[in-house]
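The values are calculated or read from the model by the stated rules, or taken from the named source; none is laboratory data. Bear in mind the structure is a predicted one, so any value in this text is a computation, not a measurement. Cβ placement follows ideal geometry from the backbone for every residue including glycine, while neighbour counts extend to all protein chains displayed. SASA here: full protein model, heavy atoms, side chains in, ligands and nucleic acids out. Shrake-Rupley method; radii C 1.70, N 1.55, O 1.52, S 1.80 Å.
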Amino acid sequence: MFCLLIESHFAAFRPFITGSFRPAAPFITPSAAYGLLLNLAGIEMREDDGKSAMTLIKKSGLPEMDIALGAPVANKPWKQDRSLEKGESSVFPTVQQLYQQLHNYPVGKQGLEHAPYAMGNKYNITPVRRSFLHGLRAVVCFRNCRNPEDIGEMACAGLRGELRREYGLPFLGDSNFLPDRIEVLESPPPCYWFVPVVEGDGEPPDQSIGRLTITIDRADSSRTQSKLFGPTSEQSDEIPNHAWVSIDYSRA
């Protein structure tokens, strides 16, 4: 098993969605954790088939693994706005919102008259409301890594700057949200582990419940896999069996 501690003041893990409101998942998603690991290990998961309008994700040759996500119990110095219990600051990130100008190329012929004035830049400007996470602190654990089995060692080499980077820095959802800290852990600390929500199974989870993407398909969003997850009611340094999520893009 290979574990990482990830800390960031800001992060955003969004579903494929259009419109004036862009929501964010309440915690790091399995798909984002998988992409971050591959980024650190220097494994390219993008593929340009020369046909599609967008860059696709490879359907074969990507590592297979199981991923578990946990919110560690240790307090964060910048988080004092919400409590789990008396005297204990929240271990979960809070969802914040901001307004931005979204610059894009509209679909079809709408707004074409503005194109000459933009001098080649994106000429459609729309105000949007976007959600993001503040105060993310997550433990991400990987097991049963296959093809390659030493991906944990490769990620450690990447963190030490020993691998050649083909593209970009590691980021958390948005390319301008960079992690403050990524640390390799020998074993997971006590965490509230995110597990799939099953209807009628005990008390409803708290406000950290949300839909987390597992694998994504950029060409056909209906093939993107996701589930409702919520944190366990009690902390533990042992990962529940049902917290493990399988990532296998060859079957996605």
Mind ranking M45, M119, M65, M54 by accessible surface for me, highest first, 1.4 Å probe? M119, M54, M45, M65
So, in Å, what gap is there between the alpha-carbon centers of segment 109-186 and segment 1-66? 8 Å
Tell me the angle of helix 30-41 to the major Cα principal axis of the chain, expressed in degrees between 0 and 90 and rounded to the nearest ten. 90 degrees
Of E238, E44, E113, E7, which has the most accessible area and how do the rest follow, probe 1.4 Å? E238, E113, E44, E7
Taking the Cα centre of the chain as the origin, how large is its charge dipole in debye, to the nearest 20, when only Lys and Arg (+1) and Asp and Glu (-1) carry charge on their Cβ atoms? 1060 debye
R130 - accessible surface, heavy atoms, 1.4 Å probe, Å² rounded to 10: 60 Å²
Quick one: dipole size for segment 112-223, taken about the Cα centre, charges +1 on Lys/Arg Cβ and -1 on Asp/Glu Cβ, in debye to the nearest 20. 440 debye
Surface accessible to a 1.4 Å probe, per residue, for the residues of the chain, Å²: 56 Å²
For the chain, modelled as a Gaussian network with Cα springs under 10 Å, which listed residue fluctuates most, H134, H103, H114? H114
Using a 1.4 Å probe on the protein chains only, how many percent of the accessible area of segment 10-56 belongs to carbon and sulfur? 55 percent
Of I209, I67, I239, which has the most accessible area and how do the rest follow, probe 1.4 Å? I209, I239, I67
Expected field for K227, accessible surface area in Å² at 1.4 Å probe radius, rounded to 10, holds 100 Å²
Add +1 for every Lys or Arg and -1 for every Asp or Glu among the other residues with Cβ under 14 Å from the Cβ of F16, and state the total. +3
